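Have a look at the structure below before the remarks.
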Amino acid sequence: MIRKIKAEDKEIYIKMAHDFYRMPAVDHPVPDSYLEKTFEECLKSDTYAELFILEWEGKVAGYGLIAKTFSQEAGGMVYWLEELYILEEYRSKGSEYFRYMEEHKEEGVTRFRLEVEKENERAWKLYKRQGYDWLEYDQMIKEFC
C-alpha cells in the first residue's frame, strides 16, 4: 500500500531519509534539518512536493518523495521522483511505487523525471524496466544555503 504521509510518520520518515542520504548510492548527505523542512512542507501543502509512505503487509517499507515543476520542454507539469527509499527487506517491491505514481498523477503531468548514479546498477535497472531512459546531458547547480 502507498499513502500520503501523516504527522505521525515524522520519526520513521526522518530516520529513513537520514539513512537514505548516507547510502553509497547517494552523492552526499544533507542535514537532518532539511529533512524536517521537507516533512513540514509536505504536511502543509502538496503544491510543490509530496511525501509518501510505502507499506507492505501493514509495516512501513519505505518512502517516496516527489517535487513538482512546470516545464516548457515537457509541455506541462513534471514530477521529479526525487527520492525512493525502500528498506532492504522490501527492495524487490519498488515497481509498485512507480505504478502508483502513474495511476495517481495529477491532470497535466506530462513527464516523470528522476536522477540516478550510474554506479547504482540495481536502481537504474529497475527504472529501465519501468520505461525510463537516460537523458544525456549534465546538470549544474548553484547553492544558496
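Miscellaneous remarks
- Of all residue pairs spaced 6 or more apart or on separate chains, those with beta-carbon atoms under 7 Å, a first member in region 49-62 that is under 16 Å from GLU36 (Cβ atoms) and touching a residue at least 12 places away in the same chain (Cβ under 8 Å) and a second member that is open to solvent by less than 10 Å² (accessible area, probe 1.4 Å) and not hydrophobic (A, V, I, L, M, F, W, C) are LEU51/TYR13; LEU51/TYR63.
- Whichever residue in region 92-116 is assigned to a strand (DSSP E or B) and not charged (D, E, K, R) and, among such residues, is least open to solvent (accessible area, probe 1.4 Å): VAL109
Here's the yes/no breakdown for (1) at pLDDT below 95; (2) touching a helix residue (DSSP H, G or I) at 6+ places or on another chain (Cβ under 6 Å); (3) under 23 Å from THR69 (Cβ atoms):
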{"position": "ILE12", "(1), (2), (3)": "no, no, no"}
{"position": "ALA17", "(1), (2), (3)": "no, yes, yes"}
{"position": "ARG22", "(1), (2), (3)": "yes, no, no"}
{"position": "VAL26", "(1), (2), (3)": "yes, no, yes"}
{"position": "THR38", "(1), (2), (3)": "no, no, yes"}
{"position": "GLU41", "(1), (2), (3)": "no, no, yes"}
{"position": "ALA49", "(1), (2), (3)": "no, yes, yes"}
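- Flag for TYR34 being among the hydroxyl-bearing types (Ser, Thr, Tyr) and surrounded by 14 or more Cβ atoms within 10 Å (Cβ to Cβ): no
- Screening GLU57 on (1) farther than 24 Å from PHE144 by Cβ; (2) loosely packed, with under 15 Cβ neighbours inside 10 Å; (3) modelled with pLDDT of 95 or more shows it passes everything except condition (3).
- Only one of the listed residues (GLU119, GLU41, GLU89) is part of a helix (DSSP H, G or I), of a type in the set (Asp, Glu), out of contact with any Ser or Thr (no Cβ under 6 Å at 6 or more places or on another chain) and loosely packed, with under 15 Cβ neighbours inside 10 Å. That residue is GLU89.
The values are calculated or read from the model by the stated rules, or taken from the named source; none is laboratory data. None of these values were measured; they are calculated from a predicted model. Cβ atoms come from the backbone with ideal geometry, glycine included; neighbour counts cover every protein chain shown. With ligands, DNA and RNA removed, areas are computed over all heavy atoms of the protein, side chains included. Shrake-Rupley method; radii C 1.70, N 1.55, O 1.52, S 1.80 Å.
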